[in-house]
């Protein structure tokens, strides 16, 4: 057992990884107990139900992504910020075996309780809002192609990024992510 982080943090970290690899229905407390080296009753102490654990995982993941987005310098040109966003998805993909936690949970949406569903929707909306701002600025500067409203283009672009990580995982290449970014760049 890793002693540098608390048992609770280890449980949460492993849960996030398992969700990104297998989805909501693809892991159990038994999986986590073997990874962390504790009994399932210890996991229930920190997270009484799987729903409690998954909601905390979504909250933690969302906070980390939003913090990363806030850390992208707003004075950078829009196309540079979009490139950093693409790299963020690439880091999420890692070695090719996992995808965006909220993207994976969106695939399981019919089996999720309402509070987790709402948290996943909030994640999507926050990303789409960030992308809409970047796309609007890029369109104004003439560096990014936006057909119609930036908000609509942002929803389509975010959906394309989510789909690209699925395809990247399937074909074991990050080139699919780069294709999405390239689809809105002008004069590249």
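The values are calculated or read from the model by the stated rules, or taken from the named source; none is laboratory data. Because the structure is predicted, anything quoted here is derived from the model rather than measured. Glycine also receives a Cβ, built like all others from the backbone with ideal geometry; neighbour counts cover every protein chain displayed.
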### Task
Kindly indicate whether any position in the range 72-88 is under 21 Å from residue 174 (Cα atoms), crowded, with 19+ Cβ neighbours inside 10 Å and in contact with a strand residue (DSSP E or B) (Cβ under 9 Å, 6 or more places away or on another chain).
yes
### Task
Considering every residue within the range 103-116, establish whether at least one is outside any helix (DSSP H, G or I) and surrounded by fewer than 20 Cβ atoms within 10 Å (Cβ to Cβ).
yes
### Summary
Apart from one, (1) in a helix (DSSP H, G or I); (2) surrounded by fewer than 17 Cβ atoms within 10 Å (Cβ to Cβ); (3) under 14 Å from the mean Cα position of the chain (by Cα) all hold for residue 97; the odd one out is (1)
### Task
Exactly one condition in (1) in a helix (DSSP H, G or I); (2) at pLDDT 95 or above; (3) within 17 Å of the chain's Cα centre (by Cα); (4) closer than 19 Å to residue 144 by Cα is not met by residue 80; state its number.
(3)
### Message
The conditions are (1) farther than 21 Å from residue 73 by Cβ; (2) modelled with pLDDT of 95 or more; (3) buried (at least 17 other Cβ atoms within 10 Å of the Cβ), and residue 164 fails exactly one of them. Which is it?
### Response
(2)
### Message
Yes or no: the range 25-44 includes at least one residue that is under 17 Å from residue 101 (Cα atoms), part of a helix (DSSP H, G or I) and touching a residue at least 40 places away in the same chain (Cβ under 8 Å).
### Response
yes
### Message
So for the range 1-18 (the condition being more than 30 Å from residue 136 (Cβ to Cβ), touching a residue at least 40 places away in the same chain (Cβ under 8 Å) and surrounded by fewer than 14 Cβ atoms within 10 Å (Cβ to Cβ)), does at least one residue qualify?
### Response
no
### Per-region count, the range 117-136, residues in contact (Cβ under 8 Å) with a residue 40 or more places away in the chain and crowded, with 20+ Cβ neighbours inside 10 Å
7
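Take residue 50 and tell me if it is more than 30 Å from residue 137 (Cβ to Cβ), without any contact (Cβ under 8 Å) to a residue 12 or more places away in the chain and more than 17 Å from the chain's Cα centre (by Cα).
no
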### Message
Could you check the range 137-148 and list, in sequence order, the residues that are surrounded by 14 or more Cβ atoms within 10 Å (Cβ to Cβ) and either assigned to a helix (DSSP H, G or I) or without any contact (Cβ under 8 Å) to a residue 40 or more places away in the chain (or both)?
### Response
137, 138, 139, 146
